[in-house]
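The values are calculated or read from the model by the stated rules, or taken from the named source; none is laboratory data. Just so it is clear, the structure is predicted and the values come from calculations on it, not from any experiment. Cβ placement follows ideal geometry from the backbone for every residue including glycine, while neighbour counts extend to all protein chains displayed. Note: accessible area is taken over every heavy atom of the protein model, side chains too, but ligands, DNA and RNA are not part of it. Shrake-Rupley method; radii C 1.70, N 1.55, O 1.52, S 1.80 Å.
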Amino acid sequence: MSGIVVYLPQKSGVAGGGPCGDAVTLRLGPGEVARFGRGSATTFVELRLADEAISRLAGEIRVTDDHWQLSNHSATQSYVVENPEGAGEYLRVPPRRAGAPIPFEFSRVVLPTRHGTTVAFQVFAPDHVYMDPHEIGGPWGSRTVTAYSLDESATYFLVLVALCEPRLRDESAVAVPTTPQIVERLRPHAACGRLTARAVSSHIDYLAGEKMRISAPAGGEPGREGRRNGKREAIVGLALRFGLVREEHLALLPPRAGAGPRGRETVG
Amino acid sequence: MHGPEGPSGSERTQPLPRGYRVGSWEVTEPIASGGWGTVYAGRPVGDGTGPTADREDVALKFLPTDGLAPRQARKVAETARREVEFGLRACHPRLIRLLGSLVLSDPGRPFLDGTIVLVMERAARSLRDLLGTDVDEAEGARLIVEICEGLAHLHRGGWVHGDLKPDNVLIMADGSAKLSDFGLVTELTDTRGTHGYGPPMGTFDYLPPERWKAPLGEHGVQVRPSVDIWALGIVIHEMFTSGASPFPGATPVSRAAAAQEYADGRAPLRMDNAVPPFWRALAADCLAPTHDARAAHTAESLLARIAARQDPEAEPADGAGQPPSGRKAPRPWAVLRGRARAALVALAVCGALAAGWAYAVRDGGSASPTGSRGPAATASAGATAGAAGRIRVFNTEPSCGDRGDRAPECSLGLAIDPLRPYTIDNVVPTRVWHGDVLAVDCQFPHGVPIVDEVGTWSAQWFRVRLPPGSARSTAWLPAVRTKDRPAIPQCPRPTPVR
């Protein structure tokens, strides 16, 4: 269990993050707590949300097991936790609720402000555990499992399958797809119509950094492009070697246009 | 949470009928099952040529490959290869003996065809089963010593078990403990013998805290003997608490989180008072929060501490006539001495059994031998040294067999190094198709075993010539990719390619 990551994006004006409005990233291990709110000299908060409508101590986050809990210290305001990947899925944490468990791997915590705007920060919980395939039913606690759990319904998993697709189809000499190629490949998918190149890059960074914890390949080419390619190659190599992505996952991808075996072109 | 899981784990495969014949054994009853397969009890059957009375009952571990895509079948084969490779090299009275392995050929039962079977020494039950009963201090102490002996032997030989837990400590009919399940065994491969790399797998309750932050490198996660020492600390605690972990929590996930809190220094280690003080101190050292702190405690040093405590007088003990696991021994130290002698005898017995096994399997009609002993028999080393032969590529995929369009999905790969895992980074750019005829120099019988799509298993490889202009002049074709077995010389052991 490595804990969670809290990310407060940089914002100018009312909704500033750190002391100077910088972006803030917090890593919390199991049992650790982070408080959020407007803060003051006497009310310390780890996550400062500079809006006068927000209480000095608005709430707190506590890491529990593989997830986290949200306590709402406000007496009047409800907070909303959205799942950005859940097609509108969200939950409302009412005033004074203590320790509401948050089930999403990706969350956006939204606090209302006075002017009808909102302040939000993100929480990632990469430790969520998924059982290995073929392990459905029966106790799993004393079983040997793959120590890297991926959510096969998440967008990052689609990105991973798309990255691995050429090698899974045994076009082994083909290079790992580029970000624009991934965007193009996933566009027909219902959940990825508006997927941007930037989002794909974030998903790749999340996979490499938080999920698979890939150690930097030694002796890679210098320069940004080289490093980025090294990371993609490493993700694909490890995902295939340790069976995180398998042939059956190709079915998650939208059908390929015109790239199938000969003869399909005339049909399509 | 406990031991052999219910029938749910085996729904994927059909149960084997009682009396099903495997080599020279027949299946009697299921013992346990998991996502990887099922373990059955087996007993020797007579083939009319010799007595069966002197042959022991066995455990038959079935690893099915049916219905798996080639890549998964390769993964099963890889796990089996680790066990077989380890089993053939390791032999110790504290380790469950691998008696052999074979691949089922049973076209009449597609769900069994291609299944890899590991034949192992038969135990009475697992330590997990035993923890449900009351283990008194003397028995707990003896079992811990035996587990430590197994670990000490592994670590001395440059191996890490990687999945120590009560389910993988088996209790023999005489009550002695042996370590089993060597699918995650990792060899310490670095130059100083301090660490190796293994698959990123394990069991939640027994993984050391640093594993949750361990980076995944090209060859897997770093594995060091301290992984086993942490797990041993958990097992020592469980021994005296009917299987309760030292870390609080209702689920393995919350216990793993609690272990992390402890390792990060936010929570103390709170062990159950039921653990006797000496063993509590020992477990606490095994559960030192970091690898560095734990590295001071080795299986050897723990054994020495236990021995020193059990026999302060250090009276020379005569172990003669002592069974290897004297349960009622008045002086545990005497048992230790007696056991050292038993170990030497058992070592010799191990070798004899392994040889007998290879012979037995070759005669067992329904199975083909595998492992480092078997496949050499299928390719007779040619008498005409230097004479190259020709082999025709064979693709088992029926839809690829009769099409001549060299479609990419029907192409087959050639390996750079037959001693390294057959993965994407170990293939040359040149592809071959069904029906291609390749010039072959020689054959190598002891490469990485390859399972093809229909379950044929072979560790034999052919060194073939690549077309002019290729980056390399030769590459390796797995023997499962051709039906031909030309009389050609055996290749020298290939030098590792990096």
Net length gained if the chain between B:Thr133 and B:Arg18 were fully extended (0.36 nm per residue, minus Cα distance): 38.4 nm
The range B:93-99 - phi-based ³J(HN,Hα) in whole Hz, Karplus 6.51/-1.76/1.60, Gly and Pro as x: x, 9, 10, 4, 7, 8, 8
Residues in the range B:249-281 occluded by at least 20 Å² - accessible area, probe radius 1.4 Å, against chain by itself: B:Pro252, B:Val253, B:Ser254, B:Ala257, B:Gln260, B:Glu261, B:Arg266
Karplus 3J(HN,Hα) series, Hz, for the range A:89-105 with 6.51 cos²θ - 1.76 cosθ + 1.60 (x for Gly, Pro): 5, 7, 9, 9, 9, x, x, 6, 5, 9, x, 6, x, 9, x, 8, 6
For A:Gly59, residues with placed amide H under 5 Å, excluding near neighbours: A:Phe36, A:His73
Summed side-chain charge close to B:Met239 - residues other than B:Met239 whose Cβ falls under 10 Å, Lys, Arg +1, Asp, Glu -1: -3
Partner chain coverage, peptide B:216-223 - average Cβ within 10 angstrom: 5
Amide H within-cut-off set for B:Trp159, under 5 Å, with H built and near neighbours excluded: B:Leu188
Extension gain (nm, one decimal) between A:Glu171 and A:Arg27, 0.36 nm per residue minus Cα-Cα: 47.9 nm
Average Cα contact separation per residue, the range B:99-246, under 8 Å, 6 or more apart, as relative contact order %: 22
Across B:Lys75/B:Lys213; A:Lys231/B:Lys213; B:Lys61/B:Lys213; B:Lys61/B:Lys483, pairs whose alpha-carbon gap is larger than 21 Å: B:Lys75/B:Lys213; B:Lys61/B:Lys213; B:Lys61/B:Lys483
Label-to-label distance, nm, for residues given as A:Thr117 and B:Ala304 (7 Å Cα→Cβ offset): 6.8
Listed peptides B:463-473, A:182-192, B:272-282, B:61-71 by packing density, highest first (mean Cβ within 10 Å): B:61-71, A:182-192, B:272-282, B:463-473
Average beta carbon contacts from partner chains per residue of A:234-247, 10 Å cutoff: 4
Gyration tensor verdict on the range B:93-237 (Cα atoms; rounded if a/c is under 1.5, prolate if a/b is larger than b/c, oblate otherwise): oblate
Average beta-carbon neighbours from other chains, 10 Å sphere, peptide B:198-208: 5
Residues whose placed amide H lies under 5 Å from that of B:Val58, excluding near-sequence neighbours: B:Gly42, B:Arg43
Derived scalar couplings ³J(HN,Hα) [the range B:284-296; Karplus, 6.51 cos²θ - 1.76 cosθ + 1.60; whole Hz; x for Gly, Pro]: 4, 5, 4, 9, 4, x, 10, 4, 4, 5, 6, 4, 5
Area buried, chain A against chain B - accessible surface, total, 1.4 angstrom probe, square angstrom: 4300
Accessible area per residue, Å², the range B:125-310 with all protein chains present, probe 1.4 Å: 34
Cα→Cβ-extended label distance, 7 Å offset, between A:Ser153 and B:Arg390, nm: 5.7
Heavy-atom SASA rank of B:Glu149, A:Glu52 (probe 1.4 Å, accessible area, largest first): A:Glu52, B:Glu149
